[in-house]
């Protein structure tokens with residue numbers, strides 16, 4: 001009976017109890033790091049134990065093989081000393097010094113696996129303020145998470161995503177900056193198609209963009225070995241989180257030697273990349289130091305102001321990413337606040353980006369998709385090659401001097417609700433897989449050499465030429481709108497046709513219809529009254 005009851009426990013309920021174990025004893029960020037670090041130890045321990053059994057099958061119970069790190073690292077498994085293994089942590093969970101044991105395990109893993117240098121927090125459990133009973137409760141709950149019990153396709157990813165999402169939803173804007181909703185990351189991956197080459201994120205947070213790029217490769221039967229991960233993150237705790245997130249999934253990566261600002265200490269300077277996926281911190285300030293005011297990244301875009309303004313880094317992020325893309329085929333998908341679409345303080349830069357024909361698509365997302373803000377944001381697609389050719393097996397037309405606008409503000413009916421605290425839930429808009437497929441289809445049809453596949457749709461999408469000189473004679477006669485005519489603003493509402501449904505009503509026709517329907521109702525009611533009156537008279541009663 002107890003065994004059946006154990007099977008009925010959901011993964012979410014176990015993960016919830018993990019959070020409850022540390023409630024009220026530490027700060028949100030320390031609790032988050034403690035839970036995720038221990039989850040890391042659990043999964044690292046599970047993978048180690050599984051590989052250890054494989055070595056036994058092949059070489060027997062021989063310490064020369066069982067304790068040789070090479071036989072683990074070759075299979076992308078971290079070698080663990082006995083005191084760093086999960087079964088040792090569980091066995092000592094009731095000890096008074098369990099916090100010290102866990103901290104030592106973290107230190108030993110880093111020492112034995114140089115690729116994890118700096119990834120795990122030092123002395124975290126000794127300083128978090130949780131007593132041994134709370135830590136034991138956390139260990140006991142995490143110990144319930146295993147592939148045999150919960151048949152998840154990506155259990156590691158499922159658990160990591162839960163904690164990243166839940167702690168982002170529970171915190172402030174600053175606490176949640178490192179987590180981008182999975183459906184948005186999936187949309188970006190589907191749009192830019194990172195099949196092979198270098199994938200870069202200059203503000204990589206917890207690594208969600210990289211994880212989703214690998215999922216995209218797997219989904220389309222690609223080869224992970226053909227994709228390289230390059231990233232950078234300024235916040236030290238988030239940089240560590242990203243290294244853990246990628247390492248436990250076996251995703252090779254280069255996040256630089258340490259956390260650092262991409263603007264002032266680019267750890268991948270002079271490297272060109274094939275793909276960029278990013279969610280930069282919106283409207284960041286201050287971001288600039290005096291020594292980068294004349295940085296080559298700004299050349300040809302900023303005009304008389306020399307560099308993007310200090311009070312807002314939105315266009316600094318855009319120019320940085322453009323400077324990183326391979327000039328022949330690089331493509332980027334990134335998020336920015338909607339203010340960047342038409343901010344006049346950035347007019348000169350935006351105009352030059354458009355005149356240099358770097359923007360391919362602007363997609364405004366629904367409101368309330370993020371856990372730390374309810375605003376709508378924009379997905380930008382920057383493409384260094386808009387000419388005709390073959391893209392991943394698709395024949396694409398020349399889209400030079402054109403931009404596709406898509407408005408998704410009305411796509412707000414798909415709601416996800418999560419419990420962020422006892423009795424407190426948060427609702428967020430999400431994009432379904434079908435919706436993501438639809439967006440990708442519109443984008444690909446617009447790119448296609450078959451011009452019959454795409455057409456503008458009122459209140460949804462519009463293809464717009466950039467310059468007045470790009471218009472045909474017929475378009476000039478019809479006064480077709482261009483981005484130049486709209487002063488290089490990129491708000492979709494300036495281009496997509498929006499229908500005023502009230503103005504489209506033919507009131508005379510509607511009144512005639514309503515009057516006719518009312519006459520029919522009155523006629524039927526009169527007939528019913530007459531029939532009823534006749535019936536009552538037939539049995540000796542009258543009716544008024």
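Answer yes or no: is there a residue in the range 70-84 that is at pLDDT 90 or above and under 21 Å from residue 32 (Cα atoms). Checked against the condition, which is being at pLDDT 90 or above and under 21 Å from residue 32 (Cα atoms), the range 70-84 yields at least one hit. Among all residue pairs at least 6 apart or on different chains, which show Cβ distances below 7 Å where the first residue, located in the range 280-293, is farther than 19 Å from residue 306 by Cβ and assigned by TED's automatic domain parsing to the domain that holds residue 188 and the second is surrounded by 19 or more Cβ atoms within 10 Å (Cβ to Cβ) and modelled with pLDDT under 90? Between residues of the range 280-293 that are farther than 19 Å from residue 306 by Cβ and assigned by TED's automatic domain parsing to the domain that holds residue 188 and residues that are surrounded by 19 or more Cβ atoms within 10 Å (Cβ to Cβ) and modelled with pLDDT under 90, the close pairs are 281/177.
Considering only the range 98-130, how many residues are touching a residue at least 40 places away in the same chain (Cβ under 8 Å), surrounded by fewer than 17 Cβ atoms within 10 Å (Cβ to Cβ) and not in a helix (DSSP H, G or I)? Of the residues in that region, 2 qualify.
Could you grab me the full set of residues in the range 298-321 that are in a helix (DSSP H, G or I) and surrounded by fewer than 20 Cβ atoms within 10 Å (Cβ to Cβ)?
Of the range 298-321, the ones in a helix (DSSP H, G or I) are 298, 303-305, 314-321.
Matches in the range 298-321: 303, 304, 305.
Confirm whether residue 375 is in the same structural domain as residue 306 (by TED's automatic domain parsing) and crowded, with 17+ Cβ neighbours inside 10 Å. Answer is no for this residue. None of 91, 47 is within 21 Å of residue 162 (Cβ to Cβ) and either surrounded by 15 or more Cβ atoms within 10 Å (Cβ to Cβ) or modelled with pLDDT of 90 or more (or both) except 47.
Among the residues of the range 258-291, count how many are outside any loop (DSSP other than H, G, I, E, B) and surrounded by 18 or more Cβ atoms within 10 Å (Cβ to Cβ). Spell out how you get there, then give the answer.
Filtering the range 258-291 for residues outside any loop (DSSP other than H, G, I, E, B) gives 273, 275-278, 290-291.
With the extra rule that they be surrounded by 18 or more Cβ atoms within 10 Å (Cβ to Cβ), the set shrinks to 273, 275-278.
Adding up the residues that qualify gives 5.
For residues in the range 327-349 being out of contact with any strand residue (DSSP E or B) (no Cβ under 9 Å at 6 or more places or on another chain) and assigned to a helix (DSSP H, G or I), which is surrounded by the fewest Cβ atoms within 10 Å (Cβ to Cβ)? First the steps, then the outcome.
Going through the range 327-349, the residues out of contact with any strand residue (DSSP E or B) (no Cβ under 9 Å at 6 or more places or on another chain) turn out to be 327-328, 339, 342-349.
Within this subset, residues satisfying the condition of being assigned to a helix (DSSP H, G or I) are 339, 344-349.
Values: 339: 16, 344: 9, 345: 15, 346: 22, 347: 14, 348: 16, 349: 25.
Taking the candidates together, the pick is 344.
Within the range 245-281, the set of residues being under 18 Å from the mean Cα position of the chain (by Cα) and under 18 Å from residue 109 (Cα atoms) comprises 245, 246, 249, 251.
Quick one: in the range 194-216, which of the residues that are under 14 Å from the mean Cα position of the chain (by Cα) and outside any helix (DSSP H, G or I) is surrounded by the most Cβ atoms within 10 Å (Cβ to Cβ)? Only one residue tops the list, namely 204.
Any chance the range 402-410 includes a residue that's over 18 Å from residue 366 (Cα atoms) and at pLDDT 95 or above?
Our first condition is that a residue be over 18 Å from residue 366 (Cα atoms); within the range 402-410, this holds for 402-403.
From the residues that got through so far, the ones that are at pLDDT 95 or above too are 402-403.
Checked against the condition, which is being over 18 Å from residue 366 (Cα atoms) and at pLDDT 95 or above, the range 402-410 yields at least one hit.
Considering 241, 246, the condition of being touching a helix residue (DSSP H, G or I) at 6+ places or on another chain (Cβ under 7 Å), within 28 Å of residue 31 (Cα to Cα) and buried (at least 24 other Cβ atoms within 10 Å of the Cβ) is satisfied by 241 alone.
The values are calculated or read from the model by the stated rules, or taken from the named source; none is laboratory data. Since the structure is predicted, the reported quantities are computational estimates derived from the model, not experimental observations. Here Cβ is always computed from backbone atoms with ideal geometry, including for glycine, and neighbour counts include all displayed protein chains.
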